[in-house]
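Engineer: Sharing a structure here in structure tokens format.
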Amino acid sequence: GLRRGRHPAPNPLTSVNMSGIAVGLKKGYITEQRPNDKVRPARMKGRLSKRVKLVRSLITEVAGMSPYEKRIRDIIVTGGTTAEKRAYKFAKNRLGTHKRANKKKEMIKDTWIRGAGRA
């Protein structure tokens, strides 16, 4: 990250050319560089696991869609020239972000197409 000043924040992992002296360009205690190949547990947070994916799909299969999801489906199904855009705008109103709205719209569209293919 950057500090408010002109200089970028020092990276704590890069200590390749430290001199062991407290002043100067290469100032700092000589340390060993940490390996970068490991993924820290904090980086894994929010990643979708197989189990969670299965449970979510099961719940949506059993409980069906929520009312706002049904409304998005209806907007897409009824069609029209701006169906996609209206479905997106409605989803964005309900969900708050561009990314979530697009993801939800695509998810509902896919389930509708899969359902139409089955029938």
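Engineer: What are the pairs with Cβ atoms under 7 angstrom where one residue, in the range 88-114, is without any contact (Cβ under 8 Å) to a residue 24 or more places away in the chain and the other, located anywhere, is part of a helix (DSSP H, G or I) and open to solvent by 100 Å² or more (accessible area, probe 1.4 Å)? Sequence gap at least six, or different chains.
Structural biologist: Here the result reads 90/71; 92/98, each pair linking the range 88-114 to a residue that is part of a helix (DSSP H, G or I) and open to solvent by 100 Å² or more (accessible area, probe 1.4 Å).
Engineer: Can you pull out the residues in the range 72-90 that are open to solvent by less than 60 Å² (accessible area, probe 1.4 Å) and not small (Gly, Ala, Ser)?
Structural biologist: Taking the range 72-90 first, the residues open to solvent by less than 60 Å² (accessible area, probe 1.4 Å) are 72, 75-76, 79, 83, 87-88, 90.
72, 75, 76, 88, 90 - these are the residues of the range 72-90 that are open to solvent by less than 60 Å² (accessible area, probe 1.4 Å) and not small (Gly, Ala, Ser).
Engineer: Scan the range 54-84 for residues that are of a type in the set (Val, Ile, Thr) and modelled with pLDDT under 90 and jot them down. Even if it seems obvious, please write down each step before you answer.
Structural biologist: Applying the first criterion (of a type in the set (Val, Ile, Thr)) to the range 54-84 yields 55, 59-60, 62, 72, 75-78, 81-82.
Scanning the range 54-84 gives 60, 81.
Engineer: Residue check: is residue 47 of a type outside the set (Asp, Glu), open to solvent by 90 Å² or more (accessible area, probe 1.4 Å), without any contact (Cβ under 8 Å) to a residue 40 or more places away in the chain and assigned to a loop (DSSP other than H, G, I, E, B)? Step through it out loud before you land on a result.
Structural biologist: Working: of a type outside the set (Asp, Glu): yes; open to solvent by 90 Å² or more (accessible area, probe 1.4 Å): yes; without any contact (Cβ under 8 Å) to a residue 40 or more places away in the chain: yes; assigned to a loop (DSSP other than H, G, I, E, B): yes.
Yes: the conditions hold for residue 47.
Engineer: Separate question: In the range 34-41, is there at least one residue being surrounded by fewer than 14 Cβ atoms within 10 Å (Cβ to Cβ) and part of a helix (DSSP H, G or I)? Give the steps one after another, and end with the answer.
Structural biologist: Start the filter on the range 34-41 by keeping residues that are surrounded by fewer than 14 Cβ atoms within 10 Å (Cβ to Cβ), which leaves 34-41.
Narrowing the set further to residues that are part of a helix (DSSP H, G or I) leaves 41.
Yes: one or more hits.
The values are calculated or read from the model by the stated rules, or taken from the named source; none is laboratory data. Worth saying up front: this structure is predicted, and the values here are computed from it rather than measured. Cβ coordinates were reconstructed from backbone atoms using ideal geometry, including for glycine residues, and neighbour counts include every protein chain displayed. Just so you know, the surface numbers come from the protein's heavy atoms only, side chains and all, with ligands and any DNA or RNA stripped out. Shrake-Rupley method; radii C 1.70, N 1.55, O 1.52, S 1.80 Å.
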